[in-house]
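Right, one structure below, let's go through it.
The values are calculated or read from the model by the stated rules, or taken from the named source; none is laboratory data. The structure displayed is predicted, hence computed values, not measured ones. Every residue, glycine among them, receives a Cβ derived from its backbone with ideal geometry; neighbour counts consider all protein chains shown.
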């Protein structure tokens, strides 16, 4: 019903505005961007997003949890799940491993022993900065909103009088079966709530300080029996509402201590629930409004929801006073600015971080400083940090291209020499496993000995690890060159070419080699492997999917290795149009496949754009449009594959605009064709950039910025941020 109403209303309003004399721009007649955002997109199936509220890049994201474990519930929520366990305050959007889900609250009209409740699906509402639902058994309407570090709950019960709230400190989103929360320091009741500090161990070890305050005093409390293996308490609190039916809650969290949680909780002091909600909506409208597109309502819903998802993370980790807890448990302080965590770097270095440099430049320096502070504490740059702790997840060193990308695009709010030193340490010193048996970390002593990772010594994923080492080495070389360190630039640029030693001359695909130089036998380039079914040479992919990885730093070299421009196009055509899709292996999401292209996972994301390096660029343009059309929808199952903290959404945003950061650390983009005829980027401090597509057809004939020709395979970021008119002229293929 909500969508039907919007679809009817928008054209009516636009018609009235167009009738006003002097009104000429349909872009200016648009409703607020938040009117097009549907947080339910991606909540059904593999997207793993959540419908709860949050601020852009905020610390807290309160929301409903339907379960506390399982791959389907990494954000705590699935659209069709029948029960709500309660409402926790933190989560990660679209990840492949569950984490966070701290401090669960569950209200009830009556005292209960089972707190999970069915809910009225028709009552469920989600918009940027707001979520609401009615719990049928618990007889209460729950509303949620959020500031940057503060979660606000408003409960409206069916009847006045005594009501109850479960405060479950044992709850967390987990994939482990052993004890999760371990109580440390202090925890206990106050006159109007609960405060304390927990140590938790799941994906990473972390500290959670919390301060929960109700707007009515606690009149009765019961400490519930602990679940097996858990040390943290669960409280059932009672409140007398008198003749009223409403109970309000504020929750502040911190990685440091209770004092920090209190200060964060009170950072929105003096603003009631509705005021905080209005502030969240205004913040989202301001940020999402940096792009206007001319498109139908369906495409706008997909686009602005993608932009919304892309701006949920990285998450603020520093308190209002600048303190935050680092990866070894030490308390650090940010001297100005913010510090961030929830950095899914293996995913987001590809498109999400380049999108931040384009649309939220005011955050980029602090993103990099967060990486550098982490490196100071850990001795190396992070791979996948969350809540300040390191998970050690995924391969390669994906922080390296994020830093080099920022430097290449002119960001100077961090010390370049400090950054280069951290990049060199990360690229030369063997990583210490975060958990026993972790073979995916960089072992440079092995890599430098052989010039690649031998599959008989590396422990798994040897080809993928070798190829991704090149991405990091190239980034370090570019950073060194930017600082006039030609010796270091040459050293790492040379090592970045290690991928060539794994190119099988017969198949032109990347193939495993052992410590004697022998090829992997037998070799089936269609067989996918992953950490879940090793031994194998590839990370969540097969030889066909991973062999395009060198294009992320050396596209010209890859073109040459695959037989020159003609051979390169032939390989791309075979990849997309001649090979069968994967059968019987659902890890990649086979429903999101075109031939061997798997859009549900990141190693494929740049491949369609590589047709720009061939004599048939229109095939890439057609594929990008097909991927955007077939694999993104404005429905709860509208994200095929894990959203991965914004990466899948960032791909869609770039595709809509008509260019993509194939080689992120280069500071350039590869141009295709926009999916809309008109878009405008308005970023504070920059001149507007107007994007137009003209002509019929699906081949890019000319690309100009204010009339100046631009190279489609190397569109400079520095040109785009100066603003102007970026014109894509399309036509038919010759």
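For region 133-141, the criterion of being under 24 Å from the mean Cα position of the chain (by Cα) and part of a strand (DSSP E or B) is satisfied by no residue at all.
Looking only at region 706-734, residues that are farther than 12 Å from residue 688 by Cα, out of contact with any strand residue (DSSP E or B) (no Cβ under 6 Å at 6 or more places or on another chain) and part of a loop (DSSP other than H, G, I, E, B) come to 4 in all. Of 706, 698, all but one fail to be buried (at least 18 other Cβ atoms within 10 Å of the Cβ), over 30 Å from residue 49 (Cβ atoms) and over 22 Å from the mean Cα position of the chain (by Cα); the exception is 698. Looking at region 301-318, is at least one residue free of Cβ contacts under 8 Å to residues at least 24 places away in the same chain and surrounded by fewer than 24 Cβ atoms within 10 Å (Cβ to Cβ)? No, that holds for no residue.
Which residue is surrounded by the fewest Cβ atoms within 10 Å (Cβ to Cβ), if the candidates are limited to region 192-215 and must be modelled with pLDDT under 95 and part of a loop (DSSP other than H, G, I, E, B)? So, considering only residues that are modelled with pLDDT under 95 and part of a loop (DSSP other than H, G, I, E, B), the one surrounded by the fewest Cβ atoms within 10 Å (Cβ to Cβ) is 204. Count of region 492-518 residues, restricted to those that are crowded, with 16+ Cβ neighbours inside 10 Å and over 33 Å from the mean Cα position of the chain (by Cα), is 3.
For region 480-491, the count of residues that are in contact with a helix residue (DSSP H, G or I) (Cβ under 9 Å, 6 or more places away or on another chain), buried (at least 24 other Cβ atoms within 10 Å of the Cβ) and in a helix (DSSP H, G or I) is zero.
Here residue 629 meets each of (1) surrounded by fewer than 22 Cβ atoms within 10 Å (Cβ to Cβ); (2) assigned to a helix (DSSP H, G or I); (3) in contact (Cβ under 8 Å) with a residue 24 or more places away in the chain with one exception, condition (3).
The number of residues in region 105-132 being in a loop (DSSP other than H, G, I, E, B) and in contact (Cβ under 8 Å) with a residue 40 or more places away in the chain comes to 7. For region 339-354, the criterion of being under 25 Å from residue 149 (Cβ atoms) and surrounded by fewer than 24 Cβ atoms within 10 Å (Cβ to Cβ) is satisfied by no residue at all.
Scanning region 91-114 for residues that are more than 27 Å from the chain's Cα centre (by Cα) and either at pLDDT below 95 or not assigned by TED's automatic domain parsing to the domain that holds residue 200 (or both) turns up 112, 113, 114. What single numbered condition from (1) touching a residue at least 60 places away in the same chain (Cβ under 8 Å); (2) touching a helix residue (DSSP H, G or I) at 6+ places or on another chain (Cβ under 9 Å) fails to hold for residue 458? It is condition (1) that residue 458 fails. Take the conditions (1) surrounded by 22 or more Cβ atoms within 10 Å (Cβ to Cβ); (2) assigned to a helix (DSSP H, G or I); (3) touching a helix residue (DSSP H, G or I) at 6+ places or on another chain (Cβ under 8 Å); residue 279 misses just one of them, which is (1). Across region 248-262, the qualifying residues are those that are surrounded by fewer than 20 Cβ atoms within 10 Å (Cβ to Cβ) and out of contact with any helix residue (DSSP H, G or I) (no Cβ under 8 Å at 6 or more places or on another chain), and the one among them that is farthest from residue 199 (Cα to Cα) is 262. Within region 146-164, the residues that satisfy the criterion of being under 24 Å from residue 98 (Cβ atoms) and in a strand (DSSP E or B) are 146, 150, 151, 153. Identify, please: which residue in region 320-336 is free of Cβ contacts under 8 Å to residues at least 40 places away in the same chain and out of contact with any strand residue (DSSP E or B) (no Cβ under 8 Å at 6 or more places or on another chain) and is, among those, farthest from residue 650 (Cα to Cα)? Here the answer is 335.
Scan region 238-245 and give yes if some residue there is closer than 29 Å to residue 389 by Cβ, assigned by TED's automatic domain parsing to the domain that holds residue 188 and buried (at least 20 other Cβ atoms within 10 Å of the Cβ), otherwise no. Taking every residue of region 238-245 in turn, none turns out to be closer than 29 Å to residue 389 by Cβ, assigned by TED's automatic domain parsing to the domain that holds residue 188 and buried (at least 20 other Cβ atoms within 10 Å of the Cβ).
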